[in-house]
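**Student:** Please read through the structure below; I'll follow up with questions.
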Amino acid sequence: MAKLIQFKRREILGAASVFLGLQPLLGAKQTRAELPNFSPDVEIELYARRDRVSIFPDTQTPVWRYVGHLLKGPANSLSNVNDSYLGPTLRFVSGQKIRVHLHNELPEPTITHWHGLHVPMAADGRPSQAIGNGQTYVYDFEVRNRASMNFYHPHTHEATATQLYRGLAGLIIVEDEEERALELPSGPYEILLALQDRVFNKDNQFVYRSDMHQSMFGFYGDQILVNGQRQYHLNVDSRAYRFRIVNASNARIYKLAWNDGTPLTVIGVDGGLLNQPENRAYIMLAPSERVDLWVDFSGRSIGSKLSMQSLSFAGLVPEMAQTRVQDNEGEKNGSFTVFSVSVTRQVGESPKVPERLSKIKPLDTSKAANPNQPIPIAIGMGHMRLTLNGRVYAQEGFLPYEHIRLNSLQLIDIFHDHSGMGMMSMMAMGHPIHLHGQPFQILKRTFSGDDTAYATIKDGFIDSGYKDTVLVAPGERVEIIKPFDDFVGEFMYHCHNVEHEDMGMMREFNVE
Ligand code: C2O
Ligand code: CU
Ligand code: CU
């Protein structure tokens, strides 16, 4: 284990000095990524600081969290999440200009990334932009996304995993006219759910092991927290709801299904609404993926209960990496309850799910800049290293195909690189690959490998709509098409198993 860590330190150290040379930020009191003539519609102060919260009755758990307040803009632009370490939920409207003042009150450097938002490099929250204790980073950006649920979290060099784990995360909702016209369930009928897992010690403090096992497989907790709470429970009316779920766990992949077999009705994913609802028996949700569900409780009587389960599955996480979740009886099972619901109020009327949600056009592969030469993203776990295209983050600058022309459409192939794996193939696992910048579309998923294991997950992928993260199972090749519009600069792509990210399973494109 020591060997692995040393190796990693040595390798990354070189990269770190490159960053500091490029952008000597850790010294400046304030860093402003201001755009010229930018007058914000929404302006927010956001503090990253230490705090204590009650996750268990009668005890306090120390956390790191975001705390914010609104300086300017509509009152609903920022709302606190009750009884939670989660940061305030930010609610933006497509087209708004946003300014965020991030203040670091933590004992180490940090930087915040707006996961899913298509923003300029200076506002993307890159490891090289990290600020030290007492410093402020000012972000300016315009909301260019369509309606969608996104989230913000640290993107600190080698510390994304630990900072996210300590509690630094918050949700971002983007609204737009197209979505408003659908009049989807809103207000008390729109439920935002962030799924995370943690380990607690006997004093109810977060435990984060940092060893080779965890670096290679990612952190797995044995307790599930939803919006920062244990045994999350919702009382609902007998009508339709919108449940918007993000997997904000470090590494855990969920296989979501209702306990009574009711199909899940998916209306949206990472990049917003689908064209039409899709029903699934279960949904695979990997770290940083989002799913937007239409959930209809009408016809259910008062007192009826339902629970969202994560079912057991094979083929994504090596057996030796499995950490079971404790259910209410203290039993550790492959399947477990994520949250539960009781119908507590009967109401007469309920909206019906719209048949048509959006009019997304497939991105035209014939307009791709590289029709016969997709950009590879080869996922490598060989030689005790976690790599993309055979390299860790920032190693050897940019590869030829990591230079991308501004305003181009690119085909990208994501697959597992088995060269040099040898005995490591028993560690083959699924990796949620995330690309910064604009969301992409999934063109095709092909698989060759263990069909029995694959059968337990394959019907749970939602490949329509716009995505910013795609789970690539062992044996899979996923072809995507992604636009690189509007902003020049360096934009990361990485595994969103954040332990993998911190190990260097991250690269970037230079858009020029
Ligand atoms: Cu949610 Cu580059 O990350
Ligand atoms: Cu991101
Ligand atoms: Cu990974």
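**Student:** Test Leu35 against the stated conditions and say whether it is open to solvent by less than 70 Å² (accessible area, probe 1.4 Å), out of contact with any helix residue (DSSP H, G or I) (no Cβ under 7 Å at 6 or more places or on another chain), at pLDDT 95 or above and among the aliphatic types (A, V, I, L, M).
**Tutor:** So Leu35 fails the test.
**Student:** Filter the strands (runs of 3 or more DSSP E) completely within region 414-508 down to those with at least 2 residues that are within 14 Å of ligand 3 (Cβ to nearest atom), surrounded by fewer than 17 Cβ atoms within 10 Å (Cβ to Cβ) and free of Cβ contacts under 8 Å to residues at least 24 places away in the same chain.
**Tutor:** Where strands (runs of 3 or more DSSP E) fall fully within region 414-508, none carries at least 2 residues being within 14 Å of ligand 3 (Cβ to nearest atom), surrounded by fewer than 17 Cβ atoms within 10 Å (Cβ to Cβ) and free of Cβ contacts under 8 Å to residues at least 24 places away in the same chain.
**Student:** Further question: Please find, within region 248-281, the residue that is surrounded by the fewest Cβ atoms within 10 Å (Cβ to Cβ) out of those that are over 20 Å from the mean Cα position of the chain (by Cα) and hydroxyl-bearing (Ser, Thr, Tyr).
**Tutor:** Thr262
**Student:** Restricting the search to region 459-502, which residues are of a type in the set (D, E, K, R) and within 16 Å of ligand 1 (Cβ to nearest atom)?
**Tutor:** Of everything in region 459-502, those that are of a type in the set (D, E, K, R) and within 16 Å of ligand 1 (Cβ to nearest atom) turn out to be Lys467, Asp468, Lys482, Glu490, Glu499, Glu501, Asp502.
**Student:** If we scan region 76-97, do we find a residue that is loosely packed, with under 15 Cβ neighbours inside 10 Å and more than 20 Å from Asn227 (Cβ to Cβ)?
**Tutor:** Yes.
**Student:** Search region 189-247 for residues being assigned to a strand (DSSP E or B) and acidic (Asp, Glu), and hand back the single one that is least open to solvent (accessible area, probe 1.4 Å).
**Tutor:** Asp197
**Student:** Let me ask another. Looking only at region 137-156, decide whether some residue is among the small types (Gly, Ala, Ser), assigned to a strand (DSSP E or B) and within 14 Å of ligand 2 (Cβ to nearest atom).
**Tutor:** yes
**Student:** Continuing with this model, one more query. Give me a count of the residues in region 399-409 that are over 14 Å from Ile377 (Cβ atoms) and either in contact (Cβ under 8 Å) with a residue 12 or more places away in the chain or touching a Gly at 6+ places or on another chain (Cβ under 7 Å) (or both). Reasoning before the result, please.
**Tutor:** Taking region 399-409 and keeping what is over 14 Å from Ile377 (Cβ atoms), we get 400, 403, 405-409.
Then keep just the ones that are either in contact (Cβ under 8 Å) with a residue 12 or more places away in the chain or touching a Gly at 6+ places or on another chain (Cβ under 7 Å) (or both); that gives 403, 405-409.
The total comes to 6.
**Student:** Name the single residue, out of those in region 372-386 being within 21 Å of Thr160 (Cα to Cα) and open to solvent by 10 Å² or more (accessible area, probe 1.4 Å), that is nearest to ligand 1 (Cβ to nearest atom).
**Tutor:** Step by step, filter region 372-386, then rank; the result is Arg385.
The values are calculated or read from the model by the stated rules, or taken from the named source; none is laboratory data. Just so we're clear, the structure is a prediction, and the values are computed from it rather than from any experiment. Every residue, glycine among them, receives a Cβ derived from its backbone with ideal geometry; neighbour counts consider all protein chains shown. In case anyone asks, the SASA skips ligands and DNA or RNA and just uses the protein heavy atoms, side chains included. Shrake-Rupley method; radii C 1.70, N 1.55, O 1.52, S 1.80 Å.
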